[in-house]
Amino acid sequence: MIRTVRKAVIPAAGLGTRMLPISRCVPKEMLPIVDRPAVSYLVSEAFDSGITDVLVITGREKEAMEDYFDFSPEYDAVLTAKGRGDEVKAYRAEVDRGNVFFLRQKEKKGLGHAILQARSFVGEEPFAVLYGDDIIFSETPVTAQLAASYARYGRPVAGLKHVPAADLRKFCSMKAEAIPGAEREEYAISDMIEKPAPGREYTDLAILGRVLLTPEIFDILERTAPGAGGEIQLTDAMAEYARRYGMMGLVFEGERFDLGSKLGLLAANVCEGVKHPEIGEAFTAFLREFAKTL
Ligand code: UTP
């Protein structure tokens, strides 16, 4: 039965070693894109896609994420006294759009293990996974694009992009066959390989930051042994699912930034900075001048 997608899981328990030293004391998901933490973009994408319940998989030293999705009476009093009550209403409306739950992954055993923690939250429903590091700017939220594909085929969907050959070894390459006559660039996926050695990749199509899954994945995850890096890999479980039942892939519209990397964080800030209603113009002028000095 094809059900409405109401739930999303955001795995955000990783240590973030690529973002050291800051990640020693600031969760990478709380690093700002201009003035909002990265995780708030993911939660907004979920709510913009019709999701009502979001579960963030979190870990020790990451309480700041929970505080962000709470009200803050101290600030409210000061802002209201300054006649900025509209701002208070706006942020309260933003954090109150839906339910945001938090659950700790007590040991960092990998992305697959993080998703396994969501089993009782998910129950018998389809659910979206928004990888905590991946911010995607798009016209239609990517989670909504994947949910539409799920509604068409009733199968789990991987969010895909074509990736240059040299970069494929960092991603998960898909064994994929194009769906003829499909409105979107959609594929039937029959297998996948995580971080393929050169020559072992199936295609240049790789999963980038979003998948839509069904609860059958949990039984497979329970049995999945640690794979690459000694971690329980979500892609190992999805590969087994794809081989057994087949799944779909959708090349989504949108630009993706890897917020788990220093370059990705800076690039996302530049892209959002030039559009920002308060500082966009001044920042663009600064960039133009700065570029002349490079
Ligand atoms: P990454 O492998 O990119 O995250 O996992 P990481 O381990 O934090 O990064 P580095 O390599 O040390 O810098 C992809 C996503 O899965 C989450 C991460 O938070 C990230 O959003 N994750 C990873 C978990 O929630 N739990 C884990 O055990 C591992």
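Structure notes:
- Hey, ALA188 open to solvent by 10 Å² or more (accessible area, probe 1.4 Å), closer than 17 Å to LYS161 by Cα and in contact (Cβ under 8 Å) with a residue 12 or more places away in the chain or not: yes
- Residue selected from segment 93-116 under the condition at pLDDT 95 or above and aliphatic (A, V, I, L, M), by the criterion most open to solvent (accessible area, probe 1.4 Å): LEU103
- Failed criterion for PRO196 (all others in (1) over 21 Å from the mean Cα position of the chain (by Cα); (2) open to solvent by less than 40 Å² (accessible area, probe 1.4 Å); (3) within 22 Å of PRO141 (Cβ to Cβ) hold): (3)
- Some residue of segment 81-97 being closer than 27 Å to GLU231 by Cβ and more than 14 Å from the ligand (Cβ to nearest atom): no
- Number of positions in segment 126-138 that are farther than 15 Å from LEU250 by Cβ, assigned to a loop (DSSP other than H, G, I, E, B) and open to solvent by 20 Å² or more (accessible area, probe 1.4 Å): 2
- Just one of the listed residues (SER23, SER49) is among the polar types (S, T, N, Q), closer than 24 Å to ARG256 by Cβ and away from the ligand (no atom under 14 Å from the Cβ), and it is SER49.
- Residue check for VAL34: open to solvent by 10 Å² or more (accessible area, probe 1.4 Å) and within 15 Å of the ligand (Cβ to nearest atom): no
- Test: GLU183 is more than 21 Å from TYR131 (Cβ to Cβ), open to solvent by 80 Å² or more (accessible area, probe 1.4 Å) and out of contact with any strand residue (DSSP E or B) (no Cβ under 8 Å at 6 or more places or on another chain): yes
- The number of residues in segment 151-162 being open to solvent by 10 Å² or more (accessible area, probe 1.4 Å) and outside any strand (DSSP E or B) comes to 5.
- Residue pairs whose Cβ atoms lie under 9 Å apart, sitting 6 or more positions apart in sequence or on different chains, and linking a residue in segment 50-61 that is within 14 Å of ARG104 (Cα to Cα) and open to solvent by 10 Å² or more (accessible area, probe 1.4 Å) to a partner that is modelled with pLDDT under 95 and charged (D, E, K, R), are GLU61/ARG24.
- Long-range neighbours under 6 Å by Cβ, at least six apart or interchain, first residue on the phi > 0 side of the Ramachandran plot within segment 204-222, second modelled with pLDDT of 95 or more and of a type in the set (Phe, Trp, Tyr): GLY209/TYR131
Results for (1) over 21 Å from the mean Cα position of the chain (by Cα); (2) part of a loop (DSSP other than H, G, I, E, B); (3) within 16 Å of the ligand (Cβ to nearest atom), shown as yes or no for each residue.
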{"residue": "ALA225", "(1), (2), (3)": "yes, yes, yes"}
{"residue": "ILE232", "(1), (2), (3)": "no, yes, yes"}
{"residue": "LEU250", "(1), (2), (3)": "no, no, no"}
{"residue": "GLY264", "(1), (2), (3)": "no, no, yes"}
{"residue": "GLU281", "(1), (2), (3)": "yes, no, no"}
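- Any chance LEU208 is among the hydrophobic types (A, V, I, L, M, F, W, C), assigned to a helix (DSSP H, G or I) and over 19 Å from PRO126 (Cβ atoms): no
The values are calculated or read from the model by the stated rules, or taken from the named source; none is laboratory data. Here the structure is a predicted model, which is why all the values come from computation and not from measurement. Note: ideal-geometry Cβ built from the backbone for every residue, glycine included; neighbour counts use all protein chains shown. Side chains included, ligands, DNA and RNA excluded: accessible areas come from the protein's heavy atoms. Shrake-Rupley method; radii C 1.70, N 1.55, O 1.52, S 1.80 Å.
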